[in-house]
Every structure is written in C-alpha cells, then in structure tokens.
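Asks: Following this message is one structure expressed as structure tokens.
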Amino acid sequence: FQEDFLPMCGIIGYVGHQQAAPILLDGLARMEYRGYDSAGVAVRSETKGLQVYKSKGRLQVLSDMIHGGADVEGTLGIGHTRWATHGEPNDINAHPHVSEDGRIAMVHNGIIENYQEIKESLLKKGYTFASQTDTEVAAALLDSYYADAAKRGMEPRERALDAIRNMMIRVRGSYALGILFGDQPGAIYAARKDSPLIVGKSDNGSFIASDVPAILKYTRTVYYVDNQEVVELQQGSLRFFSVDEEEIEKQPVTIDWDANAAEKAGYEHFMLKEIYEQPK
Ligand code: GLU
C-alpha cells in the first residue's frame, strides 16, 4: 500500500436489548460496497462470555458459519469487514482481534504506523501475537494499559476510558476503532483519528458505524465523531470524551435522506463518494 492510501473497510457496533449478531451482519452487508477481503464479529453475553467468529472471504461465509447470527448470544457486539494492509487476508488476520487473555476485542480501520516499535516493547513484557496485523498490537497495548489502570485501583468504567486514552496517545497513524471489554457488561467503546466513524442512538440501542447507511434501518439520529474523540456507548446513553479526558457535549444530526440516496450520499458512484470523502 502507499503512504497516503487509506483503507476503507467497515466497522459496526451495537449495544441494546436486541440480539446483536443479526444487527452486526446486516450493518456489514450495507457497507459491502466499500470493499473487503474478510469479515468477523465479537459478541458478549453473561452466560457465554466473549464469542468471536471471523473468516476470510465474503460476508456470506461468516453469516453461514453463525446461521445468520442465530448461533451467537448477546446484546452487545462489534463487527468488521477488513481491507488488509498489514498481513495477508486470512482467518487469523481477520478482525476482531482479541488480547491474549481474551479480555478485549477490537475492530480497526486504518493503519498504526508505529506498531512495530510497540510490538517489540510488548514482546519484551511477555505478550505474544497470533496475527501479523498492526491492529492486534493496538489490542495488546490497550490490554496492558487496562491492566495498569486496574493496578492503580480504578473503577471498571473509568479504567476502560483511561486505557483507551493512553493507547491513543501512544499510537501514531489512523484509526477508527470499535472496542469491547469482556468484563464490562452493557458498554462498548469507539475512538477515531483520520478514519471515518459515526455513532447513532435509538430506543432499541446505540450503534457504531463507518458510514450512515449501515444503521439507517435502525435510527436517523447520528453523531459525527471528531478526530481524537472517544465514545462510551450504552443501551440508553452516549458519552463523548476528548483524548485529554474532557467530556464533550455533542448535538445529533437527523438524517433525512432515504437509504438508497444515503448509500451514495448524492454521488453517482460509491467510488466517487469515497474519493471525495478522503481527507486531504
Ligand atoms: N491495518 C489493519 C489490518 O491490516 C486494518 C485494515 C482495515 O482498515 O481494514 O488489519
């Protein structure tokens, strides 16, 4: 890939009172036009814990594997369609990436430029890696900050935000992230820098997506996440934070396009839309 090339891929996330997996698959299907080489989901439930399914190839392969989502239990989760930049397209390099102890699942769009240097320091601390991706390094780094915050006696909620912020300070590059902590019932997290990401809210739950069409079936109330912002999503609430811990007031945008127009956002071809949406 080239330095100035931003991979597209699709990120989706849901927390609410409906089963998450079918919503994640549906959202990913609506972003297929963005292009991808593999797909995956991570869903959490009280009884089954963190369940991760991923596969190289079409979204249909993943969907068949989990019977349209029916095999996966839980009302919160994250999903991803990957456009490989670091490591070939295969089952292991597909997202979500899970920290070694299975505590954190992460989906990522973008490129962590200093992943090699971070990987080396984590290897020295005893972390091991299953994939060749930059994303797995970010997941392990987050895990190390999460463990540090626990040692400092932080409450679980506070600990998650603290670890995400520390990770954002340490990594260079571009990212839209969806994050799920196996020991945090009822919340998922999003963060972004230089890769697209929105969140949405409805009576049925809260959503993360790379693009509006992924969630338009469920809500028209959308918030645009700015660079270096973190979002804590719960069933009935969204909280926005800056990387330096400030809580941010954000106004929703009501989407008034229909789904078809939204998918193209006024451009005749998706490709054209993507080209115009690339940051300078
Ligand atoms: N750099 C990451 C990878 O290669 C994310 C690629 C993407 O945006 O899909 O897995």
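Asks: Mind listing whichever residues of the range 70-86 are buried (at least 22 other Cβ atoms within 10 Å of the Cβ), within 17 Å of GLY57 (Cα to Cα) and not hydroxyl-bearing (Ser, Thr, Tyr)?
Replies: If the condition is that a residue be buried (at least 22 other Cβ atoms within 10 Å of the Cβ), within 17 Å of GLY57 (Cα to Cα) and not hydroxyl-bearing (Ser, Thr, Tyr), then GLY79, HIS80, ARG82 are the ones that fit.
Asks: Taking the stated definitions as given, is GLY79 away from the ligand (no atom under 13 Å from the Cβ), modelled with pLDDT of 95 or more, of a type outside the set (Val, Ile, Thr) and within 30 Å of GLY205 (Cα to Cα)? Explain how you work it out, then say what you get.
Replies: On the way: away from the ligand (no atom under 13 Å from the Cβ): no; modelled with pLDDT of 95 or more: yes; of a type outside the set (Val, Ile, Thr): yes; within 30 Å of GLY205 (Cα to Cα): yes.
Against the criterion (away from the ligand (no atom under 13 Å from the Cβ), modelled with pLDDT of 95 or more, of a type outside the set (Val, Ile, Thr) and within 30 Å of GLY205 (Cα to Cα)), GLY79 does not qualify.
Asks: Within the range 210-232, which residues are touching a residue at least 60 places away in the same chain (Cβ under 8 Å), among the hydrophobic types (A, V, I, L, M, F, W, C) and under 24 Å from ARG159 (Cα atoms)?
Replies: VAL230, the sole residue that qualifies.
Asks: Here's another thing I want to ask about it. Please indicate, with yes or no, whether at least one residue in the range 13-21 is touching a Ser or Thr at 6+ places or on another chain (Cβ under 9 Å), within 12 Å of the ligand (Cβ to nearest atom) and either assigned to a strand (DSSP E or B) or under 23 Å from PHE181 (Cα atoms) (or both).
Replies: Scanning the range 13-21, I find no residue that is touching a Ser or Thr at 6+ places or on another chain (Cβ under 9 Å), within 12 Å of the ligand (Cβ to nearest atom) and either assigned to a strand (DSSP E or B) or under 23 Å from PHE181 (Cα atoms) (or both), so the answer is no.
Asks: Moving on to the next point. Restricting to the range 158-183, count the residues that are of a type in the set (Phe, Trp, Tyr) and in contact with a helix residue (DSSP H, G or I) (Cβ under 6 Å, 6 or more places away or on another chain).
Replies: The qualifying residues number 1.
Asks: A further question follows. Quick test of your reading of the structure: ALA176 fulfils all but one of (1) within 16 Å of the ligand (Cβ to nearest atom); (2) out of contact with any Ser or Thr (no Cβ under 7 Å at 6 or more places or on another chain). Name the failing condition by number.
Replies: With (1) within 16 Å of the ligand (Cβ to nearest atom); (2) out of contact with any Ser or Thr (no Cβ under 7 Å at 6 or more places or on another chain) applied to ALA176, the lone miss is (2).
Asks: Here is a list: GLY35, GLY10, GLY40. Which entry is surrounded by fewer than 17 Cβ atoms within 10 Å (Cβ to Cβ), within 15 Å of the ligand (Cβ to nearest atom), closer than 21 Å to SER174 by Cβ and of a type outside the set (D, E, K, R)?
Replies: It is GLY35.
Asks: Here's a follow-up. Mind checking which residues of the range 117-143 are within 13 Å of the ligand (Cβ to nearest atom) and either touching a Leu at 6+ places or on another chain (Cβ under 6 Å) or free of Cβ contacts under 8 Å to residues at least 12 places away in the same chain (or both)?
Replies: Passing the criteria: only PHE129.
Asks: Being assigned to a strand (DSSP E or B) and crowded, with 17+ Cβ neighbours inside 10 Å: is that true of ILE179 here?
Replies: When the stated conditions are applied, ILE179 passes them.
Asks: Please go through the range 95-116 and pick out each residue that is surrounded by 17 or more Cβ atoms within 10 Å (Cβ to Cβ), more than 13 Å from the chain's Cα centre (by Cα) and within 13 Å of the ligand (Cβ to nearest atom).
Replies: Of everything in the range 95-116, those that are surrounded by 17 or more Cβ atoms within 10 Å (Cβ to Cβ), more than 13 Å from the chain's Cα centre (by Cα) and within 13 Å of the ligand (Cβ to nearest atom) turn out to be ILE111, ILE112, TYR115.
Asks: If you don't mind, another one. Any chance the range 101-118 includes a residue that's in contact with an Asp or Glu (Cβ under 8 Å, 6 or more places away or on another chain) and at pLDDT below 95?
Replies: yes
Asks: With the condition kept exactly as written, say whether any residue in the range 46-59 is out of contact with any strand residue (DSSP E or B) (no Cβ under 8 Å at 6 or more places or on another chain) and at positive phi.
Replies: yes
Asks: Scan the range 130-145 for residues that are aliphatic (A, V, I, L, M) and in a helix (DSSP H, G or I) and jot them down.
Replies: The answer is VAL137, ALA138, ALA139, ALA140, LEU141, LEU142.
The values are calculated or read from the model by the stated rules, or taken from the named source; none is laboratory data. Remember, predicted model here, so these are calculated numbers, not experimental data. Positions of Cβ are generated from backbone atoms using ideal geometry, with glycine treated the same way; all protein chains shown enter the neighbour counts.
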